[in-house]
1. Sort 105-118, 140-153 for me by packing, meaning the mean count of neighbouring Cβ atoms within 10 Å per residue, highest on top.
2. For a quick check: with amide H placed at 1.01 Å from N, whose amide H comes under 5 Å from H248's, ignoring anything fewer than 5 positions away on the same chain?
3. Would any residue of region 63-84 have its amide N under 16 Å from a label point 7 Å out along Cα→Cβ of A37? List them or say none.
4. By per-residue mean of other Cβ atoms within 10 Å, what is the highest-first order of 230-236, 120-126, 60-66?
5. Starting from 0.36 nm per residue, how many nanometres of slack lie between E115 and F129 once their C-alpha separation is accounted for?
6. Taking the alpha-carbon distance from K133 and a cut-off under 17 Å, which aspartates and glutamates remain once sequence neighbours fewer than 8 residues away in the same chain are dropped?
7. FRET efficiency for Q142 and A178, Cβ-Cβ distance as r, R0 = 30 Å, nearest 0.05?
8. Sort 154-167, 37-50 by packing, meaning the average of other beta carbons within 10 Å per residue, with the highest value first.
Amino acid sequence: MAIAGLPAAGRELAGQVALVTGGARNIGRAISLVLAAAGAAVAVNTLRSREDAEAVVHEIRAAGGDAEVFLADIADAAAVHAMGEGVMKRFGRIDILVLNASQRREILFKDMTFEDWRNTMSITLDGSFHCIKACLPAMLAQRSGNIVTLGGDAVLFGGNRKSHNTTAKSGLIGLTRALAKELAEDGIRVNCVSPGSINTTRPAHRSARVDAKGKIPLGRYGEAEEIAAVVRFLCGPGGGFITGQIMHVNGGAMIFA
């Protein structure tokens, strides 16, 4: 049964434009496809995975949607500014910003260099700053918008070999809450989706995953599409009264935190 004042499910984001950083692979890919399925035009950002990004765009267009690849290093302020201008020129607006790109290299703190530390901060935190600054003028002019950051359950539990990433993701949570309060009067909602253990294609340099299913009440790892579904909900009319929240999507793992 339809809810009064809300559009029917299926094309609730029609007419909107989403920019998804790291939108070519894994969770980012799923978010790009799911937002497109909801009717949004999607700007798929990537730095190195051009072929994967083009495959996502092809899949969206084949299904009747609209999408474009935008190559940019989000740690580079000038590159992000140019990307924001490119999205506006191509689509005419920016309604949704999903900050998915991050540095996930694992390393023990005792072996970590300051360069390792800064590489992670420059992508996860500085990159978020640059992307928000690039997209915010369009959202302010529209007096509407959605910003979704991607956290991680290491913020809850700590993370072996992930102190740099855990610190950066913790910073994202602070940014999410601060901006949610600051931008609310402008009609812009800001939320964080925090994935637990998700089935993804993992880079060869990452350590083998310890089987943690026994610590997940639902008894399995999540799927990237399940994270994307929460992003879609937050950006749609059903999430219209939600801002400043951290949405934990981890199969109940935080019960043991």
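Only the coordinates and a few stated rules stand behind these numbers; no lab work does. Since the model is a prediction, treat every value here as computed from it, not as a measurement. Neighbour counts are summed over all protein chains in view; Cβ atoms, including those assigned to glycine, are modelled from backbone coordinates with ideal geometry.
1. Working: 105-118: 11.9, 140-153: 20.6.
Going by the mean number of other Cβ atoms within 10 Å, highest first, we get 140-153, 105-118.
2. Under 5 Å from the amide H of H248 lie the amide H atoms of S194, each far enough along the sequence or on another chain.
3. 63-66
4. 230-236, 120-126, 60-66
5. 3.1 nm
6. Partners within reach: D73, D76, E85, D95, E182, D186.
7. Numbers: r = 21 Å, r/R0 = 0.71.
Between Q142 and A178 the formula returns 0.90.
8. Order by mean packing, descending: 37-50, 154-167.
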